[in-house]
Amino acid sequence: MKKIFTLLVFNIFLLAVQAQLPGNSIHITANGQGVNIPDATGATVNTDMTIEADIYYTCANGSSAVSVLTKGWCGASWSYDFEISDNYLLFTKFRPGGNCNTGYVSYTSADRIPFNTWTHIAVVMTGSTIAFYINGVFSASAITIGSAFTGIQLSGEPVRIAMYKNLGGSLVSSPLSNIDEVRIWHIARSAAQILANYNTTLAGNEPGLYCYWKLDETGSGAGITCLNSATATGATFNGTTQGAGTVFSNNNTVINTIPICSPMLWLRADSTLTKDGSNRVSQWNDVSGNNKHATQAITTNQPVWMPNVFNGKPALWFDGVNGNYFLENTTQTPVATAGSARTYFVVAKADCNAQGYKGGTLFSNRRTSQASTAEFSDNGSGGVYYANNLCCTHPSTNTPFAKGQQIFTGTWRTSGTGTNIDFWMNGIATTTSNGNFVIDNGGAGYAVGDRRDGTTGQDWQGYIAEIIVYSRAVSDAEKLATETYLKNKYNTTYLPSQFTKVPVIKTNNDLVLDDASWKHSYNSADPSSLIVSVKDNCLDLGAITDTVYLEPGIYGQLPTGDKFLRRHFVVKTQNNPAGTKRVRLYFTVQEFNDLKTATGINTIADLSVTKYQGPTEDGNYFIGDATNVTYIPSSSIVSGSLFGQYYLEFDITGFSEFWIHGGTTILPLRLLNFTAVKKSNDVNLQWQTEDEVAVDRFEVEKSVDGIHFYKINSLPAKNGLQNNYACTDVNADMAKKGIAFYRLKQVELPGNYFYSNIVKIAFGNKAAITISPLPAKDMVTIRSSEAISKIQVLNSAGQAIKSWQPNTLQQYMVSDLPNGLYFIVITKGETQQAEKMVIER
C-alpha cells in the first residue's frame, strides 16, 4: 500500500504530490497475472457505486489497455470494465439483459493518466451518469460508444484485479504495471468525499465501503490470499493471485520518473555529459534517444557543471555577464516544423547578481531571430519576471520570482499555428496569449543559455538543471504530473553526499560547503559530519562561524526542570544584513527519542525553538534580558529527516543561540527566586529552588557597577524538590555609601552554569532623583538634587548598554532602546544610585 497525498508549500510551486508510503502493491509482469475474487452472487455490484484504485504503469505499456477492475466480459456474464486505454480512463458498463452488440455504453475521461508515476483514479456511477476523478480532481467524461442508461447488469463472474477474461477464455493482463488500494463503494461518492481520503489508508469501516483490497500482501506466485478489509467478509470476497510470476513488490522500489513518454529533447544535469577537469561542459547529451546533443567547442564559452546546486542535485552554471556561456545544436531542431504544437519544461534558477538581459534566454528552439525562445526578462518594474518571446508575439506576465532564492519550473505550451501560448511558472497559470508560429522559421538547431540570433546582452546568468521538449501540446494532467515530478526531484530536501552524520562532540566549523542554495558548515577534521545549514537568500553574510554543543546527559535540563534537546547551537555571521535568512538544525533520532521520553512530546513536528541573540552567545542558556530572547513556535518550523538524522528548518532575521525543546512557550528566563535585604551595612541574601537536580554549588557574585562581578561566597547544593539557601555579605558597603549588585551563579555537575536575576542594594543617603515620563518612549528627563558626574543605562540583566554625560537640558534619547525594564545608574562623586526606567511604546 500505499500512497499519501501531501500538499507542500515550496518556493517552486504549490502542487499536489503523490508519494508512496511504506508497503506493497501487486506488480504485473506477464499476461495471466492478477487477483481473482469469486463473488459468484454478484454482491459487489450496485446501481450507485464508486470504484477507486491506485495505478502505476510505464512507457513500455504504450497505448495498450491497462486493466484495473473487471467483472465478466461480453454477453450475459458482463457487468463492468474499468481500465486505462490509450492513456485515458475507460469505463464500460452493460445494460441489464443486453448483448455484446448493443447492450453497453463506454465512457472516456477528458484527461490522460500519466506514465511512470502513481496516480489515484476513481469512477462514480450515479443512475445514468458517470464521473471520473484523477488524484481527487474531477475529469470530465464523454460517451464514446453507445448511449446512457440507468442500472447495471448483475453477473456471476468473478471480480478480477489487473486482468480480464477475453472471448477466448484467456486471462489478459498489462505487464509493467502496479495496482494498489482497490476499493468498491455501494454509494456514489461526492467529489469532496473522494478528495478527502483518496490519499490515505482506510480503516475499512467507512460508511458505504463494501470491498477494500489493500494489496499489502507479500510473496510471489499463484494462490496468495488477498484479504478484503471492508464490510463484505468471507472467502467469496477474499481474492487469490493468478499466474506463476505474480509478485507483491515494495513500493519503495517503484520510483517516479518522467511521466510523459517520447520527448523530442531531454537534457538532464544528472545524466551523461562531457566535461573537463574543471567541470567545463563541452557536450550536454540528449537522453531522449534522439541524440540531439548540445555542444560548445570554445572553452571560454562552456558552462560549468556544479554537483550540488538544487538541494543536492547538479545543474549547469551559465555566466551571462562575465562570459558568453552557451551550448547549441546547429543542425537538429527539437521541434522541426514551423507552426507545430510543442511543450517546453525548464528547471532553472537565476543568479543573485543576474544582469545581462535582466534574466536572459534559457532555451531557444531555433537559432536566428525568427525563433521561439523561452526566457525571463525585466518588464521595467525593477523585478525579474517570467516571460516568453515567440517570434513576433511577446506574451508576458507579472509573476515575479526571487533571484538566487528560488528554483523555478517554467512550462510553455502551444497547440500550433494561430493558437494560444499558455505558460505556467512553478505550476501556477499565467498569461495566455496568441503567438504566430507560421514564421517560426529561424536557423536550424537550438541553443541553451543564449538566443544565438546576433542580439547581444540576452545571455542567461544562473543555473539550468533540466530541459524537456515535446512535439505536442501535452494535456493539463500530463503537465501537472511532469511539474510534480520535477518538483519532487529538485525541491525535495537533499544534501551533498559528503554528509552522512552529525558531530558527536562539541564542534566548531572551519569550512563551509556552498551548494548555491545552502551554506553547510563542517570541520575539516570530520568532513562527513554536518553542523548546520544556512540559506542567505542572496544577502551578504560574510564568514559564518558555527558551533554545536552537546549536553553531557541524554537531554538538557534547567533548574526549573524544563528540558531541552541535548544538542544546541550557536550560529554567528560576520555580517547581519536586514532581511530574512533561513537556518536548518540537525540532530539525531536518539536525541529526539530521549527528549520525547522525558517530556511526552509526540513527533518532531511538536518541537519549538528558543533563540537568544545577545552578548553572551556561549552555549550556556542565558537567563537575563528577555528582550534578547525569541520563541519560534512549531507552526513556523518545517521538520524532516535527512541522511538518517532529523532536522528543523525555519526563517530568522538574525543569528544567535538555538535551543530546541517541546512545549508552547519560551524556555524560562528567570530560574531562581533570589532576593537581597539590607541590615545596617550587612546584606542578607536568600534564594529558593524547586526540582533541583544534579546541581554542584551556588556561587554568590557581587558588583559595584553592575557590569563586572566577582565571587564572594560559595554554598554546596542540596538537590531535591524544595530547598532554601541563605548567606550574608558582612560590611557590604564598606562606608562608600553607594550601591551594590548581586547575582547567583548555579553550577551543575557537568560544569554548565546559569545566572539568576540581578538584585541591587543602595547604601547611605539617596539623592532626590526623578525620571520622566514613565513609561518612557523616545526621550527621558533625569533630574537630581545632587550633582551628577555620569549616567549609565543597564539592561534587566545588569549589563551596561549605554552611558551619558550630564547636559544642561537634562534630556536623553532612548528611542534606540527596545521596550522593557532598565536601570538608570547615577554616579555622584564616589557614590552611585540606581532607579528603574521602563520603556513602552
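The values are calculated or read from the model by the stated rules, or taken from the named source; none is laboratory data. Predicted model, so just to flag it, every value in this text is computed and none were measured. Note that each Cβ is placed from the backbone with ideal geometry, even for glycine, and that neighbours are counted across all protein chains shown. Heads up: the accessible areas ignore ligands, DNA and RNA and are worked out on the full protein's heavy atoms, side chains in. Shrake-Rupley method; radii C 1.70, N 1.55, O 1.52, S 1.80 Å.
Here are the numbers for this structure:
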{"quantity": "Per residue accessible area in Å² of the chain, where ligands, DNA and RNA are left out and the probe is 1.4 Å", "calculated": "38"}
{"quantity": "Lysines whose Cα lies under 16 Å from that of K678, excluding same-chain neighbours fewer than 8 positions away", "calculated": "K702, K736, K737, K760, K766"}
{"quantity": "Dmax and Rg, reported as Rg then Dmax, of the chain (C-alpha, Å)", "calculated": "35.3, 116"}
{"quantity": "Peptides 123-129, 142-148, 632-638 ordered by average Cβ neighbours within 10 Å, highest first", "calculated": "123-129, 632-638, 142-148"}
{"quantity": "Set K349/K501; K487/K596; K165/K214; K679/K828; K745/K790; K535/K745 screened for pairs whose C-alpha atoms are more than 25 Å apart", "calculated": "K349/K501; K487/K596; K745/K790; K535/K745"}
{"quantity": "Angle in degrees between helix 589-599 and the longest Cα principal axis of the chain, rounded to the nearest 10", "calculated": "60"}
{"quantity": "Nonlocal amide H pairs with G738, under 5 Å, H built at 1.01 Å", "calculated": "F763, Q832"}
{"quantity": "Student exercise, the stretch 538-616 dipole from Lys, Arg, Asp, Glu Cβ charges, in Debye to nearest 20", "calculated": "140"}
{"quantity": "Label-to-label distance, nm, for residues given as N724 and K790 (7 Å Cα→Cβ offset)", "calculated": "4.0"}
{"quantity": "Mean residue ellipticity (222 nm) of the chain, computed from DSSP H runs ≥ 4 via -39,500 (n - 2.57), nearest 500", "calculated": "-1000 deg cm²/dmol"}
{"quantity": "FRET efficiency estimate (nearest 0.05) - Cβ-Cβ, T274 to S128, R0 51 angstrom", "calculated": "0.25"}
{"quantity": "³J(HN,Hα), Karplus 6.51/-1.76/1.60, whole Hz, each residue of the stretch 708-719, x for Gly, Pro", "calculated": "9, 10, 9, 7, 10, 6, 8, 10, x, 6, 8, 6"}
{"quantity": "Estimated vicinal HN-Hα couplings, Hz - the stretch 289-305 in sequence order (Karplus 6.51, -1.76, 1.60; Gly, Pro = x)", "calculated": "x, 8, 6, 9, 6, 9, 10, 7, 7, 7, 4, 5, 9, 7, x, 10, 6"}
{"quantity": "Share of carbon and sulfur in the accessible heavy-atom surface of the chain [1.4 Å probe, %]", "calculated": "51"}
{"quantity": "Estimated vicinal HN-Hα couplings, Hz - the stretch 241-249 in sequence order (Karplus 6.51, -1.76, 1.60; Gly, Pro = x)", "calculated": "6, 10, x, 5, x, 4, 9, 9, 9"}
{"quantity": "At q = 0.09, 0.14 Å⁻¹, base-10 log of I(q)/I(0) for the stretch 163-301 (Debye sum, equal scatterers on each alpha carbon)", "calculated": "-0.54, -0.85"}
{"quantity": "Charge-dipole axis of the chain as Lys and Arg at +1 and Asp and Glu at -1 on Cβ define it, positive-most pick from S139, I407, P577", "calculated": "P577"}
{"quantity": "Built amide H within the under 5 Å cut-off of Q557, gap 5+", "calculated": "F564"}
{"quantity": "Under DSSP loop assignment and at most 16 Cβ neighbours within 10 Å, longest GluC sites (Glu not before Pro)-free interval of the chain", "calculated": "1-785"}
